[in-house]
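The values are calculated or read from the model by the stated rules, or taken from the named source; none is laboratory data. Keep in mind the model is a prediction, meaning the values are calculated, not measured. Reconstructed Cβ throughout: ideal geometry from the backbone, glycine too, with neighbour counts over all protein chains shown. Heads up: the accessible areas ignore ligands, DNA and RNA and are worked out on the full protein's heavy atoms, side chains in. Shrake-Rupley method; radii C 1.70, N 1.55, O 1.52, S 1.80 Å.
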Amino acid sequence: MKRRRRFLAAALAVMLCTGYLVSTLGHRLDHGSSWWHGADAASRTEGSTTEVRFAFSPSGQITFGVSIRNPGPWPVTITGVAVDDGPADRHVFKVARLAAGSPAGEPAALVFDPATASPLRSTEVGPGRELPVFVTITIPDVEQAPGGGLVFDDLAIGYEVLGLPRHQRVPMGFRLFVHSPRGYVPGEDRERPGN
């Protein structure tokens with residue numbers, strides 16, 4: 001009888017652990033219902049692809065907003081946002097500032113207002129809710145070919161679900177393009193592109 005109880009307790013513990021791992025490791029974030037950019041950018045949609053285009057200005061900064069959606073069924077705590085999740089010495093863009101608004105349950109309630117955003121700290125986002133995040137990045141002082149530029153379409157998100165730390169690349173819902181129409185060579189004495 002004792003042996004059977006121990007076996008049942010062990011089997012239950014294994015099932016609970018397996019369920020916990022499946023629930024937490026299978027939990028994925030997604031891009032939200034909207035995004036934001038200031039007057040220094042233009043957006044264009046062709047087919048199913050939307051592009052937000054900023055002018056290339058070496059060492060300048062640009063700010064854009066994305067919403068990160070937690071499709072559920074568990075609440076998550078967003079702990080960090082990065083443009084690149086590789087080694088720090090190889091990052092193309094440096095994140096200068098991160099700010100967040102209040103999580104919203106309905107897309108219509110999502111507000112992108114940089115003036116009311118506060119520095120991003122660990123923020124809980126409930127199931128079915130979205131968090132608006134403002135990302136300010138510094139444009140690198142790197143060579144650009146005429147008509148070229150720098151592109152990315154996802155963010156590296158650090159988050160916790162049911163106490164387990166997770167990391168995921170989350171699509172932004174658009175492609176960000178830092179465009180250099182005339183090209184650029186660092187150190188050359190000429191007008192910077194975008195000016």
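In table form, for the structure just shown:
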read-out	value
Number of positions in region 79-103 that are aliphatic (A, V, I, L, M), within 13 Å of V66 (Cα to Cα) and free of Cβ contacts under 8 Å to residues at least 60 places away in the same chain	3
Residue that is open to solvent by less than 20 Å² (accessible area, probe 1.4 Å), under 17 Å from the mean Cα position of the chain (by Cα), over 24 Å from S48 (Cβ atoms) and at pLDDT 90 or above, where the choices are A96, A104, A100	A100
Considering residues of region 32-84 that are among the acidic types (D, E) and either open to solvent by less than 10 Å² (accessible area, probe 1.4 Å) or part of a strand (DSSP E or B) (or both) only, the residue nearest to E130 (Cα to Cα)	E51
Residue that is outside any loop (DSSP other than H, G, I, E, B), out of contact with any strand residue (DSSP E or B) (no Cβ under 7 Å at 6 or more places or on another chain), under 26 Å from R28 (Cα atoms) and of a type in the set (A, V, I, L, M), where the choices are A115, A108, A156	A108
Meets criteria (surrounded by fewer than 19 Cβ atoms within 10 Å (Cβ to Cβ), out of contact with any Pro (no Cβ under 7 Å at 6 or more places or on another chain) and farther than 17 Å from Q168 by Cα) for T116	yes
Unique residue being aliphatic (A, V, I, L, M) and within 24 Å of S33 (Cα to Cα) when the list is V161, V92	V161
Residue check for R175: open to solvent by 70 Å² or more (accessible area, probe 1.4 Å) and closer than 21 Å to S43 by Cβ	yes
Residue within region 84-96 that is of a type outside the set (G, A, S) and more than 22 Å from D141 (Cα to Cα) present	no
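Residue by residue, here is whether (1) among the small types (G, A, S); (2) under 20 Å from the mean Cα position of the chain (by Cα); (3) open to solvent by less than 70 Å² (accessible area, probe 1.4 Å); (4) farther than 17 Å from T79 by Cβ holds:
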position	(1), (2), (3), (4)
G126	yes, yes, yes, no
T136	no, yes, yes, yes
Q144	no, no, yes, yes
F152	no, yes, yes, yes
L164	no, yes, yes, no
Q168	no, yes, yes, no
